[in-house]
Amino acid sequence: MQADLKTFSALGVYGASVITALTAQNTRTVARVEPASPAMIAAQMAAVFDDLDVRAVKLGMLGDADAIAAVADGLAGRGLPVVLDPVMVAKSGDMLLPDSALDALRSVMLPHATLLTPNLPEAARLLDCAPARDAAEMARQGRALLDLGARAVLMKGGHAEGASCTDLLVTAQGITEFTAPRQATGNTHGTGCTLSAAIAAGLAQGLDLPLAVGVAHRYLQGAIAAADGLAVGSGHGPVHHFHAVWADG
């Protein structure tokens, strides 16, 4: 959530939050997770939607099937662009989405997604298959996720190997490729959250989907490039959301 709000601020949009779970975590581990009740999730969504002029929605960690159902109910009939980052595992390796919630994520939440942004392990888990090993498999899995209800899929290639990192935007109209050099840093905490939040910011500002993804992709590359300058924590440190704003960024 902190990564999302920092991203929104850095990109010139105002973020409002709905907390689906509390986590006790740092750059090394997730020590504890406590889910919010469905009633509390519903109340937070109502409070935001009843007062603010919401232009786009970004979804991250949902935690369990009850939270997924509550969020889906709150989105019904809103007609807003929804960027769904299917958070399943923390950077530390801690599991954040149990197997019992997978069916709900597939059947209840994916149909709300204007854009689904899985990394390769997340896409494989959603499809119950092995992670994609090359661009052709990424494209096939992206199309399979379209068949599950998402209107577009950004297959993120950060878990692949090689000197470059390639993401594929898969839609019914075709595939758009976004490639950047792979950067040598261990400070990549929040990359998925940051990218999906940046895309949502672009959609809120009226950009079409391919342009929003391109702007977000460039923003994230800058945040990763500047991450080592933060020196936050002793594990996987965060990317530098304000790299273009802070004087030492």
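None of the figures in this text is laboratory data; all of them are computed from the coordinates on show. Quick caveat: nothing in here was measured; it's all calculated off a predicted structure. Cβ coordinates were reconstructed from backbone atoms using ideal geometry, including for glycine residues, and neighbour counts include every protein chain displayed.
Observations, loosely collected:
- With the highest mean first, a sort of the peptides 128-134, 167-173 on other beta-carbon atoms found within 10 angstrom per residue produces 167-173, 128-134.
- Sparsely packed loop sites in region 77-183 (the GluC sites (Glu not before Pro) outside DSSP H, G, I, E and B with at most 11 other Cβ atoms within 10 Å) comprise Glu161.
- Distant-in-sequence amide H partners of Leu22 (H built 1.01 Å from N, under 5 Å): Glu34, Ala36
- Using just its DSSP H runs of length 4 or more, each adding -39500 (n - 2.57), the chain gives a mean residue ellipticity at 222 nm of -11000 deg cm²/dmol after division by all residues.
- Classification of region 161-246 by its C-alpha gyration tensor yields an oblate form. The axis ratio a/c (a ≥ b ≥ c) is 1.5 or more, and b/c is at least a/b.
- Peptide ranges 219-229, 6-16 listed from the most packed, as the mean C-beta count within 10 angstrom indicates: 219-229, 6-16
- Region 1-33 residues near the modelled Asp50 label - backbone nitrogen below 19 Å, point 7 Å along Cα→Cβ: 16-20
- Amide hydrogen neighbours beyond the local backbone of His189, cut-off 5 Å, H modeled: Gly237, Val239
- Normalising the average separation of contacting C-alpha pairs (under 8 angstrom, six or more residues apart) by the number of residues puts the relative contact order of region 1-121 at 22 percent.
- Considering only Ala184, Ala150, Ala65, the mean-square fluctuation computed in a Gaussian network model of the chain, springs between alpha carbons under 10 angstrom, is largest for Ala184.
- Mean sequence separation of contacting Cα pairs (under 8 Å, at least six apart), scaled by the length of region 92-172, corresponds to a relative contact order of 31 percent.
- Label-zone membership for region 220-237, site Gln183, 7 angstrom Cα→C-beta point, backbone N under 13 Å: 220-231, 237
- Using θ = phi - 60° and Karplus 6.51 cos²θ - 1.76 cosθ + 1.60, couplings along region 43-58 (whole Hz; Gly, Pro as x): 5, 5, 4, 4, 4, 5, 5, 6, 10, 9, 8, 6, 10, 6, 10, 10
- The chain, relative contact order [Cα under 8 Å, separation at least 6], %: 19
- In plain terms, the C-alpha convex hull of the chain casts an average shadow of 12.5 nm² when viewed from every direction.
- With a cut-off of 18 Å on the backbone N, the residues of region 162-182 near the modelled label site 7 Å out from Leu148 along Cα-Cβ are 168-172.
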